[in-house]
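Right, one structure below, let's go through it.
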Number of protein chains: 2
Amino acid sequence: MRRAEFWYEFASSYSYPAAMRIEALAAERDVALSWRPFLLGPLFAGQGWRDSPFNLYPVKGRYMWRDLERICGALGLPLARPDPFPQNSLHAARVALALDDALRPAFSRAVYRAEFAERRPIDAAATLAALLGEIGVEPEPLLARAVEDANKTTLKAQTARAMALGLPGAPCLTTPDGEVFWGNDRLEQGLDWARAHAEP
Amino acid sequence: MRRAEFWYEFASSYSYPAAMRIEALAAERDVALSWRPFLLGPLFAGQGWRDSPFNLYPVKGRYMWRDLERICGALGLPLARPDPFPQNSLHAARVALALDDALRPAFSRAVYRAEFAERRPIDAAATLAALLGEIGVEPEPLLARAVEDANKTTLKAQTARAMALGLPGAPCLTTPDGEVFWGNDRLEQGLDWARAHAEP
């Protein structure tokens, strides 16, 4: 059984191309993916950052935007810088988590497209409702379920697990043997690892 | 004319595999490389860091060492963690810069091998003298030239140029049209860019 977990944060810029690329890469390698939305905020707070490192360190930020422009250009993905950046991703993460596993990838890609291609505010309930509608989900019950205590607790636990696994940022791939692969540019390597080190 | 500049810092861990890989990658693409040693210290100080970010942020540090282990493993490069890390790279950078352009790549690779494969102290004059000997250079006159004011000034100017170009870390590739590619994992992309956007 070849498995990997795909960890992503809706506010994370490099998670956008990763989310758009990963299903095809996993399918090519016959790796079953679990999509794991989580929050970078608590990880960053643990390192003393109260904002995105791309804002705190402008040299890194300038580099990232140009790098992302080239990456998206090569993939044919539209890119429009969200304003403000980073977006508040809490509600989108809760909604993604409240969905059935099978619907999470399509919803997550829809969020990234809205955020990084269409500059829509992903913290707005109207945006999330529209995106749920796009994937054929009745918005109101799902938005209500997203803010129930059980779902909030699940997101907290998932974020705590990301920290316990030692994720340094997003996106990441993790494999059952405990390896962590950080970055859009490590997807192929992580999936190759999952294939080569599959459990019997 | 296809050209690119390869920016590296002797204390930088990811610069090690990059220095070992880059000549073959550049030759495949017929790109003429200029090797540019520089110092990360002033760049990091500009972002408020007085130590390697891999030490300041232990989660990133742990990830980096495992990532580097996998990268070196795949390349068949030995890896032994320098102690202390980072090494003081000032003298090695001065020596590299004092050499003829044609000798700089071989000397630089020798420094990385001594540091990251053999755990030798690269701030020691004895290490640098031995490495110069390995590449067929009489050590004493070169070590003397390395600490002359003119050479110190050249290193300062090169580091200032790295900052002006907006390098966020090391290693980097830069192309004549002002693009910056950061990381061992961007060498192919940067060299492909140099080939595709060559000046007439």
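Excluding A:Leu25 itself, what net charge comes from residues whose Cβ is under 15 Å from its Cβ, given Lys and Arg +1 and Asp and Glu -1?
Taking every other residue near A:Leu25 into account, the sum is 0.
For the protein assembly as shown, just the Cα atoms, rotate onto the principal axes and tell me the three extents in Å, largest first.
78, 48, 38
Got a sec? How would A:Thr127, B:Thr174, A:Thr153 order by Cβ neighbour count within 10 Å, fewest to most?
Lowest to highest Cβ neighbour count: A:Thr153, A:Thr127, B:Thr174.
Given charges of +1 on the Cβ of Lys and Arg and -1 on the Cβ of Asp and Glu, with all other atoms neutral, how large is the dipole of chain B about its Cα centre, in debye to the nearest 20?
Taking the Cα centre of chain B as origin, the dipole is about 460 debye.
Report the calculated FRET efficiency for B:Ile135 and A:Arg66 (r = Cβ-Cβ distance, R0 = 30 Å), to the nearest 0.05.
Between B:Ile135 and A:Arg66 the formula returns 0.25.
Hand me the trypsin sites (Lys or Arg not before Pro) from the range B:38-134 located in a DSSP loop with no more than 15 other Cβ atoms within 10 Å, in residue order please.
B:Arg50, B:Arg119
Please compute the contact order of chain B in relative form: average sequence separation of alpha-carbon pairs under 8 Å and at least six residues apart, divided by the residue count, as a percent.
Relative contact order of chain B: 34 percent.
Diagonalise the Cα gyration tensor of the range A:126-167 and give the resulting equivalent ellipsoid semi-axes, square root of 5 times each eigenvalue, largest first, whole Å.
26, 13, 7
Report the calculated FRET efficiency for B:Ala27 and A:Ala164 (r = Cβ-Cβ distance, R0 = 60 Å), to the nearest 0.05.
0.85
Jot down the radius of gyration and Dmax of the range A:32-127, Cα atoms only, both in angstrom.
Radius of gyration, then largest Cα-Cα span, for the range A:32-127: 14.4, 40 Å.
Could you work out, residue by residue across B:59-66, how many beta carbons of other chains sit within 10 Å of that residue's beta carbon, and then give the average as an integer?
4
Specify, for chain A, the residue whose C-beta is closest to the rotation axis mapping it onto chain B, with the distance given in whole Å.
Closest to the rotation axis on chain A: A:Asp185, 3.
From Cα coordinates alone, what are the radius of gyration and Dmax values for the range B:1-76 in angstrom?
Over the range B:1-76's Cα set, Rg and Dmax evaluate to 14.7, 43 Å.
Distances from A:Ala27 to the same residue in each other copy, label points 7 Å out along Cα→Cβ, in nm, shortest first?
4.0
Relative to the other copies, what are the label-point distances for A:Lys156, with labels 7 Å from Cα along the C-beta vector, expressed in nm at one decimal and sorted shortest first?
Here A:Lys156 shows inter-copy label distances of 5.5 nm.
Put a point 7 Å out from Cα along the line to Cβ at A:Asp192; what are the distances to that point in the other copies, in nm, shortest first?
Once sorted, the set of distances for A:Asp192 reads 1.4 nm.
Once you have the Cα-Cα distance between A:Met1 and A:Asp101, take 0.36 nm times their residue separation minus that, and quote the gain in nm to one decimal.
Additional length available on full extension: 34.2 nm.
Count charges around B:Val137 for me, please; just the other residues with Cβ under 12 Å from its Cβ, Lys/Arg as +1, Asp/Glu as -1.
So the surrounding residues net to -2.
Pull up the DSSP beta bridges for the protein assembly as shown and report the antiparallel fraction as a percent, rounded to 5.
So the antiparallel bridges in the protein assembly as shown amount to around 50 percent.
Expressed as cubic angstrom per residue, what is the convex hull volume of the alpha carbon set of chain B?
Roughly 119 Å³ of hull volume per residue.
What Kirkwood hydrodynamic radius do you get for the range B:42-89 when you take the inverse of the mean 1/r over all pairs of distinct Cα atoms, in Å?
It is 12.0 Å.
Restricting to DSSP H runs of at least four residues, report the calculated mean residue ellipticity at 222 nm for chain A, -39500 (n - 2.57) per run over all residues, nearest 500 deg cm²/dmol.
-16500 deg cm²/dmol
Every number in this text was worked out from the coordinates using simple rules, so none of it is lab data. Note that the structure is predicted; figures quoted are calculated from it, not measured. Positions of Cβ are backbone-derived with ideal geometry, glycine not excepted, and every protein chain shown enters the neighbour counts.
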